[in-house]
1. Would you mind classifying chain A by shape? Square roots of the alpha carbon gyration tensor eigenvalues, ordered a ≥ b ≥ c; an a/c under 1.5 is rounded, otherwise it is prolate if a/b is larger than b/c and oblate if not.
2. Quote the relative contact order of chain A in percent (integer), defining contacts as alpha-carbon pairs under 8 Å separated by 6+ residues.
3. Note the angle between two axes, namely the Cα long axis of helix A:190-206 and the longest principal axis of the Cα atoms of chain A, as a number of degrees from 0 to 90, rounded to the nearest 10.
4. Please sort by residue number the trypsin sites (Lys or Arg not before Pro) in the range B:1-77 whose DSSP state is loop and whose Cβ has at most 15 other Cβ atoms within 10 Å.
5. Can you give me the Rg/Rh ratio for the range A:164-238, using Cα atoms for both radii and the Kirkwood formula for Rh?
6. Would you mind computing, in nm to one decimal, how far apart the modelled labels at A:F41 and A:V59 are, each placed 7 Å from Cα along Cα→Cβ?
7. Dividing the convex hull volume of the alpha carbon atoms of the protein assembly as shown by its residue count, what do you get in Å³ per residue?
8. Counting other C-beta atoms within 10 Å, and keeping those with at most 14, which DSSP coil chymotrypsin sites (Phe, Trp or Tyr not before Pro) do you find in the range A:44-146?
Amino acid sequence: MGLNKRPSLALEALLILAALAFLFPIFFLLEMSFKEPRYFFKPYELPHSFYFDYYRKAVQDMDFFTGLTNSVLVTVGALGFAIIVASMSGYVLSRRQERLFRYAYLFFLSGMVIPTVGSLIPLFTLAVKIHLMNTRTLLVLIYTAGFIPFASFLYAAFTKSIPRELEESASLDGCGPFRLFWRIIFPLLLPATGTFIITNVYGIWNDFLTPLIFLNQPEKMTLMPQIVQFMFNKQSVNYGPVFAVSVLAVLPLVVLFAFTQKYMLKGLTAGAVKG
Amino acid sequence: MSLSRKQYWIACLFLLPALAIFGLFFYFPFLQSIYYSFTEWNGIKAPRFIGFDNYRYLFQDAQMLDGMKNTLKMVVFGLIVQNPLALLLALLLNRKFRTRGFLRTSFYLPVIISLVVTSIVWGELLKYDGFINGLLEPIIGEAHVQDWLGTVSTSFPTIMLLTQWQGIGYCALIYLAGLQSIPTDVYEAADIEGAKGFALFRHVTFPMLMSSVTIVLFLTIVGALRLFDLPFLLTNGGPGSSSYTLFLAVYNSAFKNQSYGYATAGGIVLALFIIAVTVVQLGITRKREVEL
């Protein structure tokens, strides 16, 4: 659509206004976390100084660093585990044509439309039975299970572009199947791994329902349910510390986003073309 | 054992971990939930088979009914508001604005903000004496200013609007990825043929974009059916049951009222909705996709 023409300035100004409106709540979040109690209930007043008291309170009262550690453990654990099992399954789903693999493909596919809300209760009883209730391991397993269909298809799509001759010559050189996969194939699937991470890291980090249901000890809680509980337990009406802790919880993702933004669009394009 | 036989078994070994974890932690609980949906079960006593009673009761329960109504509203809203707006935004963001990088970042940044934080920020902005009402007062008059999330008639529409803060940017990015994968020679050919403006969009861009349309529609619908976090955190379904969604009604009957059997029946109805809509939607859009 007129790709080579520069669009009008008026249109650009309009879009910039809309963009600022979209950014405003993020600015507001930041602003409220620095706003002195005196001005806190005046929505049009900006903070008069950098007031760090809410941050100090938040880190003390909420035990922010425990939450942060748990969130990092669960996020890295789930992404890492999903990458290991789904790269292997995606690879063979793309290479083998036998009936078993075609059925596995359909089995995974059906998982993409089934919502998990009804399964939460049986999952709860299962967790109790296998003694994984109230563990971060359980969260990793649940997230991994949820990722497997999407991640397998992603890896399967990227495997198609790797020439088979590579595997044949490697196995003629006496390379065993597992070494062949981890040493030769997996590194070539790096774009798939990157796409998977940058499109799914946010979902785990930001999830609060699963930890809310399956964890009940404060020392194991991840950040999002921790913030919700912190908010509900607060006696005072001043939400300053809640805003401060929200800023801290969002910050790692914003940093990650800043570094990966340009790959995000590329990753999605690759997924769309290959899928 | 022959070489090909051996290779087959090794491939099976590669598949096994994914199959086992997916089966045990995703599929098995789902299949169990089908059985539990026909029982009366509170998690303590053994489940008792009661046939279709749970399903019958679903359609008499105010929370479930309001939940279903609102969930359907969200699906329709997603299809006719979010989806066209996202496409429009993507078409704009694909043009050569001087501030293109800034624009793309601004519209996409809200997507990475967690719904917990989103509801904290918007809850504050939408307070009765908060920022939004201060802006609205001179425009719509003091008499019309209200607690948008605390009023029966406006609570759910407000939540639907809030979903757009993240929904539009998310869908626009997928459309943008689709737009960028259209080869430029298609446009060159269209230019020679003299196609311009809306005709160009209607006959060239849109058909080439159909696979993105399929993905976005799927994500919009499934996202709408799973709407839970915002109503849970902002209104907890209230006031009354005006902002319940089906997901929230299921959650509350399970983890508040311990009616596990009943809650799983609600979950199955939600699953049936999602599956039915997906099948119909894929049937319609897949046919129109153009192979590149």
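Values quoted throughout were computed directly from the atomic coordinates according to the rules given, and no laboratory measurement underlies them. Note that the coordinates shown come from a computational prediction; the quantities given were computed from them, not determined experimentally. Because the Cβ atoms are built from the backbone with ideal geometry, glycine has one as well, and the counts that use them run over all protein chains shown.
1. Details: a/c = 2.52, a/b = 1.46, b/c = 1.72.
It is oblate, given that a/c is not under 1.5 and a/b is not larger than b/c.
2. 31
3. For helix A:190-206, the angle is close to 40 degrees.
4. Hits after loop and neighbour filter: B:K45.
5. Values: Rg = 22.3 Å, Rh = 16.4 Å.
Ratio of gyration radius to Kirkwood radius for the range A:164-238: 1.36.
6. Each label point is offset 7 Å from its Cα along the Cβ direction, giving 3.0 nm.
7. 186
8. A:Y44, A:F50, A:F52
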